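Input: a single structure, listed below in structure tokens.
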Amino acid sequence: MTKRSCLLVSAFIFLTAGVARAQDYPIMDMIADKVIQKYQASSCEDLWKKKGKAKSPQEQKVVQLLRGDPQMRQAFLDKVAPPIANKMFECGMIP
């Protein structure tokens, strides 16, 4: 019973921490959702074509913003990394 309680408390803490981060950066959260949707909606062929191409001015601005704020960058990467990595794996872009 004690182990189960500890697991439930730990899960609650992780979930509330994720919600708090999203509330700290609502614009970043919207951008992250767009990035995730872009990857999920793109075919593998589309992703291979886009790989290595220059970023738009808007994308460059977002990258610069993330470079300047380590906490926001962490929240962004925590959100987008799993779905992007899965898509890249499916497309053979990572081993």
ask   = When residues of region 70-84 are filtered for being more than 12 Å from Ile36 (Cβ to Cβ) and surrounded by 15 or more Cβ atoms within 10 Å (Cβ to Cβ), how many remain?
value = 3
task = Starting from region 73-86, take each residue that is part of a helix (DSSP H, G or I) and list its partners that are surrounded by 13 or more Cβ atoms within 10 Å (Cβ to Cβ) and of a type in the set (Phe, Trp, Tyr), counting only C-beta distances under 7 angstrom and pairs at least six apart or across chains.
result = Ala75/Tyr25; Pro83/Tyr39; Ile84/Tyr39
message = Restricting to region 38-69, give me the number of residues that are part of a helix (DSSP H, G or I) and loosely packed, with under 13 Cβ neighbours inside 10 Å.
response = 14
remark   = Scanning region 1-37 for residues that are assigned to a loop (DSSP other than H, G, I, E, B) and either modelled with pLDDT under 50 or more than 20 Å from Arg67 (Cα to Cα) (or both) gives Met1
ask   = Assuming Ile94 fulfils every condition listed in (1) loosely packed, with under 12 Cβ neighbours inside 10 Å; (2) part of a helix (DSSP H, G or I) apart from one, which condition is it?
value = (2)
key: Cβ-Cβ under 8 Å pairs, at least 6 apart or on other chains, region 43-61 side within 23 Å of Met28 (Cα to Cα) and of a type in the set (Lys, Arg), far side surrounded by 10 or more Cβ atoms within 10 Å (Cβ to Cβ) and modelled with pLDDT of 90 or more   = Lys50/Ser42; Lys51/Met93; Lys55/Val63
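The values are calculated or read from the model by the stated rules, or taken from the named source; none is laboratory data. These numbers were taken from a predicted model, which means no experiment stands behind them. A quick note on method: Cβ atoms are made from the backbone with ideal geometry, for glycine too, and the neighbour counts reach across all protein chains shown.
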